[in-house]
Amino acid sequence: MGTTNSAISTAAPKVNLSRSGQRLVLAFEGNWSVRHTQHREIDNLFSELDHQTPAEALQFDMSQLSSWDTSLLIVVVRAEEWCREHKVKFLGDSLPPNIASLVALAEEVPERKTGRGNKESASLFEHIGKKTIATIGGIQSTLQFTGETVLSFGRILRGKAAFDWRLFWLTMEECSAQALPIVGLISFLTGLIFAFVGALQLRQFGAGIYVANLVAVAMAREMGAIMTGIIMAGRTGAAFAAQIGSMKVSEEIDALRTLAISPMDYVVSPRLLALSIMMPLLVLYADIVGILGGAIVGRSFLGITWTQYWAQTVGSMGLLDISTGLVKGAIFGVIVAIAGCERGMKCGNDAAAVGNAATSAVVLGITWIVASDAIIDVIQEVLKL
């Protein structure tokens, strides 16, 4: 008896196709395992099924089956798909209960479609329409989030909000001392570049001294605020989106709502307030470092003394230039904070969504920084400021 069982357990997998009236019968025999299954034989089986005369149903006979693993389930699922394509009734009740339950479990979770090959082709107008609708929806979402932020600050001023002061001071530290190295480096290089570009042109006319004017005005009105805003969008805006997105994935945001604590008051407002306060200070720091970079170029390549450079800088840059840059810095800080927090709050519930939220926050923040800077410049030109 033991010899017989050993022979059965090592028997090669085999499937026989027969017909019983209007039914096709698949009889499985032997040991169906991944190691012994031949894919060519399975392909031949379904090729033979394709050449059969039309039948009403497909039935299974597993009485001679000795052992099996996932290779048998793959054949059964493939047979079910064949029945669906040829409109043949699949008699799942003819399967053993354990196999039938596993097949049903596999069908409970549909295959996830990923990759470019799964994208359905769409016309140009359909693609443009979808992008337009998505853009409008994103603008509406941002405006709604901005309105909720304003309401949150109203509650904070009335003393009716759960404001996290520890998060506020921690964010101020991250947006101040910890941001100084990268802001200083980029601003210094920006001042160097502006001075080099100006020197190449101005010294042809013997006006190299005016490099100081160029660097001072450019850094104070435009580049100090813009470069600081872009740096903070990539550094702090992405961090806000990732932090809040991780809180949403771990259901901390839902826990706050359960405790009747507004996430806008507890999570968003401290970050927004801290960044909007620190941004003008970072812009002022960037202006000073950028002017220093221009001074080094003027001293080294144009022979301008420190006293001359300082006099030209003070004479060309007024209080309006400095205040314009500081106001832009505050506005850019609000933009970066809103973009990062809004993307974090709208984040999905998996790790990939957190990464996408951080990327989207950076892109959105930089886009609105450039757009708002252009709007402010147009307004200043109209008002002759």
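Computed values, structure above
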read-out	value
Subset tally (residues that are out of contact with any Phe, Trp or Tyr (no Cβ under 7 Å at 6 or more places or on another chain) and either of a type in the set (D, E, K, R) or within 15 Å of D287 (Cβ to Cβ) (or both)) for the range 162-173	2
Some residue of the range 174-196 being farther than 14 Å from L282 by Cβ and of a type in the set (V, I, T)	yes
Of all residues making up the range 174-193, the number that are modelled with pLDDT under 90 and farther than 17 Å from A330 by Cα	2
Exclusive hit being exposed (fewer than 14 other Cβ atoms within 10 Å of the Cβ) and closer than 22 Å to V183 by Cα, set T324, T307, T313, T367	T367
Matching residues, the range 161-185, being free of Cβ contacts under 8 Å to residues at least 60 places away in the same chain and exposed (fewer than 11 other Cβ atoms within 10 Å of the Cβ)	R166, A177, P181
Residue count for the range 161-195, restricted to those that are of a type in the set (D, E) and not in a loop (DSSP other than H, G, I, E, B)	2
Of the criteria (1) free of Cβ contacts under 8 Å to residues at least 60 places away in the same chain; (2) surrounded by 15 or more Cβ atoms within 10 Å (Cβ to Cβ), which one F301 fails	(1)
Meets criteria (touching a Leu at 6+ places or on another chain (Cβ under 9 Å) and among the small types (G, A, S)) for S176	yes
Residue match in the range 14-30 (condition: of a type in the set (S, T, Y), modelled with pLDDT under 75 and assigned by TED's automatic domain parsing to the domain that holds N98)	no
Verdict on L272 being assigned to a helix (DSSP H, G or I) and surrounded by 22 or more Cβ atoms within 10 Å (Cβ to Cβ)	yes
Residue list for the range 68-85, restricted to those being at pLDDT below 80, loosely packed, with under 15 Cβ neighbours inside 10 Å and either in contact with a Pro (Cβ under 9 Å, 6 or more places away or on another chain) or part of a helix (DSSP H, G or I) (or both)	T70
Single residue of T307, T313 found to be over 19 Å from E342 (Cα atoms), part of a helix (DSSP H, G or I) and touching a residue at least 40 places away in the same chain (Cβ under 8 Å)	T313
Residue in the range 120-132 that is modelled with pLDDT under 85 and of a type in the set (K, R) present	no
Answer from I253, I244, I291, I261 - the residue that is closer than 19 Å to A162 by Cα, crowded, with 24+ Cβ neighbours inside 10 Å and assigned by TED's automatic domain parsing to the domain that holds A195	I244
For N349: the one exception among (1) farther than 23 Å from V283 by Cβ; (2) modelled with pLDDT under 90; (3) not in a loop (DSSP other than H, G, I, E, B)	(3)
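The values are calculated or read from the model by the stated rules, or taken from the named source; none is laboratory data. These figures come from a predicted structure and were not determined experimentally. Every residue, glycine as well, gets a Cβ built from its backbone with ideal geometry; the counts of neighbours run over all protein chains shown.
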